[in-house]
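Contents: one structure, followed by commentary.
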Amino acid sequence: MATNRTRFLHPISILSFGTRSLPDDLSLEASDTLSLYNALLSVQHGIDHDLSSLAPSVFFAGTSTLLRQRDVFQYEARLKAIVIDLMQLFDPRDPTTPLGQVIRVLQDGNIRDLGDQVDNVMPSPTAFKNDLLVLLADLHATGDLVRDFSFGTFRFLHSLKPAILFNFDRTNCELMARHILESLEQKEEEWRSRSVEWTRKMKQWDVWKSQAKVRERVSERQQKQKRRLDNEDSRDSSDLSWESSFDPNHPSLQFSFVGHGTSYSISDLEADTPTKELSWSNVPPWAMKALRRGIAVHHAGMNKHYRTLVERWANRFIQSSWSL
């Protein structure tokens, strides 16, 4: 699975999928034009075009020190004209032609290394399912992925954006969601069983629970004092501790799509979940568990109340960088 550091396909390399024309609105970044020029230069001997005038040092010789956007547009137009001409002469799917060689040079290295045997071939259901969680992590992470993911230390990093996966099979949609859910649950369980941080947190929480009666007596004294002093600002400081809002049954942040890059927390999610409304409905338990990790399925076969909830959440969470 390619990571977020992988180079994307060059815009011209869309020809590798068999198209015989360029979109009218296809535009190239300045770096794209340079890479396209170098790719064309590599097949100079096989094409009837003199590229000497398109060498950047020659083409832009008469411009100012800083290139203007219109200068790049002119350069792009000249390069695209050559590509269009090559498209009239060669099949872009034939790697032995000059056009095929240009496309190969511009292809992402990871795709190129796959070879013809697996290139553009539908992955097996098992391979797709096993790579699904890594794909989602790759879509969401802005930094390096944690390398020892298989050992349960997988973490989502930094700013997250919603991810919407499409599958034309309703059953596969549900299987995908269940697999993501079960994978996160399994990794969370493994992490909690070995994490010193989690063990310490649970011990602190247990101590906090054992002091419930002490806090209750303190609260009663504060309330009496408040009534005597009529002090509106007097409040129970114990309510502000992290233990008061902690619930070990909630998913850990590292293994959930909720609460990343947004102020919307798992507590907000729990408060907004209409448990009573859905408890009598035919909503599978796994679907409700998935919702609490920010994973949802939406197709016509799902329960109407559930779908309405997902639609409402989608509008809210997309604005809050939630993952769907």
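The values are calculated or read from the model by the stated rules, or taken from the named source; none is laboratory data. Just so it is clear, the model here is predicted, and its values are computed rather than measured. Note that each Cβ is placed from the backbone with ideal geometry, even for glycine, and that neighbours are counted across all protein chains shown.
Looking at (1) among the small types (G, A, S); (2) over 35 Å from the mean Cα position of the chain (by Cα); (3) under 15 Å from I12 (Cα atoms), can you tell me which one A30 breaks?
Single failed check for A30: (2).
Table: residues versus (1) outside the structural domain of N167 (by TED's automatic domain parsing); (2) in a loop (DSSP other than H, G, I, E, B); (3) modelled with pLDDT of 85 or more.
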| residue | (1), (2), (3) |
| --- | --- |
| L86 | yes, no, yes |
| Q101 | yes, no, yes |
| D119 | yes, yes, no |
| L133 | no, no, no |
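Take segment 195-212 and flag every residue that is closer than 12 Å to S241 by Cβ and among the aromatic types (F, W, Y).
W205, W208
Kindly indicate whether Q186 is within 28 Å of A287 (Cα to Cα), outside any loop (DSSP other than H, G, I, E, B), out of contact with any strand residue (DSSP E or B) (no Cβ under 7 Å at 6 or more places or on another chain) and at pLDDT below 85.
The answer is no for Q186.
Right, D32: acidic (D, E), modelled with pLDDT of 80 or more and surrounded by fewer than 13 Cβ atoms within 10 Å (Cβ to Cβ) or not?
Here the answer is no, as D32 does not meet what is asked.
Only one residue in S35, S57, S27, S31 is assigned to a loop (DSSP other than H, G, I, E, B) and of a type outside the set (D, E, K, R), so which one is that?
S27
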